[in-house]
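Colleague: Before we start, here is the structure in question, set down as structure tokens.
The values are calculated or read from the model by the stated rules, or taken from the named source; none is laboratory data. The shown structure was predicted, so the numbers you read here are calculated from the model rather than taken from an experiment. Backbone-built Cβ (ideal geometry, glycine too); neighbour counts: all protein chains shown. The protein model used for the area step is the full one, side chains on, heavy atoms only, and it has no ligands, DNA or RNA in it. Shrake-Rupley method; radii C 1.70, N 1.55, O 1.52, S 1.80 Å.
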Amino acid sequence: MVKTAVMVSGGGTNLQAIIDSHIFGEIKNCELAAVISSNPTAYALSRAEYAGIPAHVVDAGRYTNRASFSEAAHRKLSELEIELIVLAGFMHILGPPLVKAYQNRIINIHPSLIPSFCGPGYYGLRVHEEALKFGARVSGATAHFVTNEVDSGPIILQKAVDILPDDTPFTLQRRIMEEAEWKILPEAVSLYCEGRLELDGQIVRIKGARDDGSAS
Ligand code: GAR
């Protein structure tokens, strides 16, 4: 069992998708060992509590810079002997020492099709505002490994979602969550925990994938 921590900052719908998939046996070989929130009032903490997963707070507001916050998170992860970190609606950039210590062991979900609408400053609703402003016809979500370059690590899974003429940032965000994020994030976690992800530089190969590239 891969000892996994889910890091969150807000509502935690992606955390809920992971919890539900885990309960239904769709995530294999994974121990949901901890939820770590950067925000002491995040609803994600209640979701963890209802699911019986130990919840911890490393309050980003108490640290003056990214390095000291990331160090505190690193200490907590080491203390808990975490093997895999999942960033699920986590709104901070982790420092290089933590990224290095967990190289190819941090998975993030980003609410667009990387390399579009991503990078520093692109998080939450802003991503969808920019996709709409640009007139994109399609957006979606990407589950990827985390490197020091924001939203540029090896891509594990992506799913496209149509942008509709009447979309607002809120309707688009919701549809991308429902149709893409909540599906590919649990799937990526399971692929990792099952040992089915193989890295070849920037390219992720999925062992046992079908010819059309789908995972199962
Ligand atoms: C999700 O859309 C997630 O992809 C995004 O914030 C939302 C939070 O959802 N994350 C980022 O933008 C990080 N770059 P949640 O708290 O309900 O899971």
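Colleague: Go through region 106-125 and give me each residue that's surrounded by fewer than 18 Cβ atoms within 10 Å (Cβ to Cβ) and touching a residue at least 24 places away in the same chain (Cβ under 8 Å).
Modeller: Pro115, Gly119, Pro120, Gly124, Leu125, listed by residue number.
Colleague: Taking Ala34, is it within 21 Å of Ser78 (Cβ to Cβ), in contact with a helix residue (DSSP H, G or I) (Cβ under 9 Å, 6 or more places away or on another chain) and not in a strand (DSSP E or B)?
Modeller: The answer is no for Ala34.
Colleague: Now, a different point. With the condition being within 16 Å of the ligand (Cβ to nearest atom) and closer than 30 Å to Asn29 by Cβ, I'd like the strands (runs of 3 or more DSSP E) fully within region 115-213 carrying at least 2 qualifying residues. Let's see the steps before the verdict.
Modeller: Numbers: elements: 138-145, 155-162, 197-200, 203-206.
Counting at least 2 such residues, we get 138-145, 155-162.
Colleague: Determine, yes or no, whether Arg66 is within 23 Å of Gly153 (Cα to Cα), of a type in the set (D, E, K, R) and within 16 Å of the ligand (Cβ to nearest atom).
Modeller: Taking the combined requirement at face value, the residue satisfies it.
Colleague: Then there is this: How many residues does region 17-36 hold that are open to solvent by 20 Å² or more (accessible area, probe 1.4 Å) and of a type in the set (S, T, N, Q)?
Modeller: From region 17-36, those open to solvent by 20 Å² or more (accessible area, probe 1.4 Å) are 20, 22-26, 28-29, 31-32; that's our starting set.
Checking the rest, the ones that are also of a type in the set (S, T, N, Q) come to 29.
Selection size over region 17-36: 1.
Colleague: Look through Asn14, Asn39 and report the one residue that is within 15 Å of the ligand (Cβ to nearest atom), open to solvent by less than 20 Å² (accessible area, probe 1.4 Å) and not in a strand (DSSP E or B).
Modeller: Values: Asn39 fails: open to solvent by less than 20 Å² (accessible area, probe 1.4 Å).
Being within 15 Å of the ligand (Cβ to nearest atom), open to solvent by less than 20 Å² (accessible area, probe 1.4 Å) and not in a strand (DSSP E or B) holds for just one of Asn14, Asn39, which is Asn14.
Residue-wise test of (1) of a type in the set (Ser, Thr, Tyr); (2) modelled with pLDDT of 95 or more; (3) in contact with a Phe, Trp or Tyr (Cβ under 8 Å, 6 or more places away or on another chain).
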site	(1), (2), (3)
Arg175	no, yes, no
Glu179	no, yes, no
Lys183	no, yes, no
Val204	no, yes, yes
Arg210	no, no, no
Ser214	yes, no, no
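Colleague: Among the residues of region 149-172, write down those that are surrounded by fewer than 20 Cβ atoms within 10 Å (Cβ to Cβ) and either closer than 21 Å to Phe90 by Cα or in contact (Cβ under 8 Å) with a residue 60 or more places away in the chain (or both).
Modeller: Once the filter is applied, which keeps residues that are surrounded by fewer than 20 Cβ atoms within 10 Å (Cβ to Cβ) and either closer than 21 Å to Phe90 by Cα or in contact (Cβ under 8 Å) with a residue 60 or more places away in the chain (or both), region 149-172 yields Glu149, Val150, Ser152, Pro154, Ile155, Gln158, Lys159, Pro169, Phe170, Thr171.
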